[in-house]
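Q: The structure under discussion is supplied below as structure tokens; questions concerning it will follow.
The values are calculated or read from the model by the stated rules, or taken from the named source; none is laboratory data. Small disclaimer: the values here were computed from a predicted structure and weren't measured. Cβ: placed from backbone, ideal geometry, glycine included. Neighbour counts: every protein chain shown.
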Amino acid sequence: MKHFLANAKNLSMTGLAVVTYEDLSEYTNEYDTNVEPDWQKDIKTESEIQSSVVEGVVALYGSYGKEHKYVMRCRDNTQIVRTHYNQYLSPQELGILVANAKEKTESLEEVSSVGLDNKTMDSVDDAIKFLITSGFTYGVDFSSHNAVDIALSLAPDTLSTLIAEKTMTLNECSECDASDHEWYEREEKIVVSCNCKSVEKEISFKGGLLTLTSSN
Ligand SMILES: [Zn+2]
């Protein structure tokens, strides 16, 4: 799904609070037309493959033997389709998160009263450049209020792509091979780890490009 709320799971409270009702209905449309039908199709494919695997095993080894029991257990534990689609919040789940965030931030008036210093202005500019380069439209998909939050929420996906394209490598340790390094997102930072150590990196969007810098 190519929507600026596709990674809403990673959005901060303020990022969620400025999501409008138009954004929500657009997300619902996108979800209903793209995610839901694909999901149903993949579930069907998955169960067809499973049935033919089970049939094949029964034909070769007979019913209720250890082979049959084993493939039945595998079938019941299949997670691949579920895991893929669970990354997207359902429109209902997203609606609840947004409503809660609006309620919480309203009392704090956090969203509108943030004083923008020069440093913040620069990071808003950079986040806007990053989002535009990623194919999103200013004023439609995001505003200056939520640009930083949305850019941060998209950072893990972008990083996966950059690593897959070998545009970026995460090699933090001279003892290990670059391919031994794992990474994950934690509280809007990227943690890179290997067998020896784990290093926390700040995410920024200098000149519109995803940039990781050591926090310490
Ligand atoms: Zn290492």
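Q: Which condition number in (1) in contact with a Ser or Thr (Cβ under 9 Å, 6 or more places away or on another chain); (2) within 16 Å of the ligand (Cβ to nearest atom); (3) at pLDDT 80 or above is the one that Leu210 fails?
A: All conditions pass for Leu210, except number (2).
Q: Kindly provide the set of residues from the range 144-184 that are under 23 Å from Leu5 (Cβ atoms), charged (D, E, K, R) and surrounded by fewer than 18 Cβ atoms within 10 Å (Cβ to Cβ), ordered by number.
A: Asp157 - this is the single residue of the range 144-184 that is under 23 Å from Leu5 (Cβ atoms), charged (D, E, K, R) and surrounded by fewer than 18 Cβ atoms within 10 Å (Cβ to Cβ).
Q: Additional query: Test of understanding: among Ser63, Ser52, which residue is of a type in the set (Gly, Ala, Ser) and either in a helix (DSSP H, G or I) or closer than 18 Å to Leu11 by Cβ (or both)?
A: Ser52
Q: Sticking with this one: Please pick out the residue among Val111, Val81 that is modelled with pLDDT under 90, part of a loop (DSSP other than H, G, I, E, B), surrounded by 12 or more Cβ atoms within 10 Å (Cβ to Cβ) and aliphatic (A, V, I, L, M).
A: Val111
Q: Next question, about the same structure. Quick test for you: out of Tyr27, Tyr21, Tyr64, pick the one residue that is touching a Pro at 6+ places or on another chain (Cβ under 7 Å) and of a type outside the set (Lys, Arg).
A: Within the list Tyr27, Tyr21, Tyr64, the selection yields Tyr27.
Q: Mind checking which residues of the range 86-102 are assigned to a helix (DSSP H, G or I), within 15 Å of the chain's Cα centre (by Cα) and at pLDDT below 90?
A: Asn86
Q: Something else now. So Met1 fits all but one of (1) farther than 18 Å from Ala99 by Cβ; (2) modelled with pLDDT of 90 or more; (3) aliphatic (A, V, I, L, M); what number is the exception?
A: Going through the list (1) farther than 18 Å from Ala99 by Cβ; (2) modelled with pLDDT of 90 or more; (3) aliphatic (A, V, I, L, M), Met1 breaks only (2).
Q: Step by step: first the residues of the range 171-193, then only those that are within 11 Å of the ligand (Cβ to nearest atom) and in a strand (DSSP E or B), then the one that is nearest to Phe130 (Cα to Cα). Which residue is that?
A: Val192
Q: Return the residues of the range 194-206 that are within 10 Å of the ligand (Cβ to nearest atom), surrounded by fewer than 18 Cβ atoms within 10 Å (Cβ to Cβ) and touching a residue at least 12 places away in the same chain (Cβ under 8 Å); say none if nothing qualifies.
A: Those that are within 10 Å of the ligand (Cβ to nearest atom), surrounded by fewer than 18 Cβ atoms within 10 Å (Cβ to Cβ) and touching a residue at least 12 places away in the same chain (Cβ under 8 Å): Asn195, Cys196, Lys197.
Q: Just need a number here: residues in the range 22-76 that are free of Cβ contacts under 8 Å to residues at least 12 places away in the same chain and β-branched (Val, Ile, Thr).
A: The number of residues fulfilling the criteria is 4.
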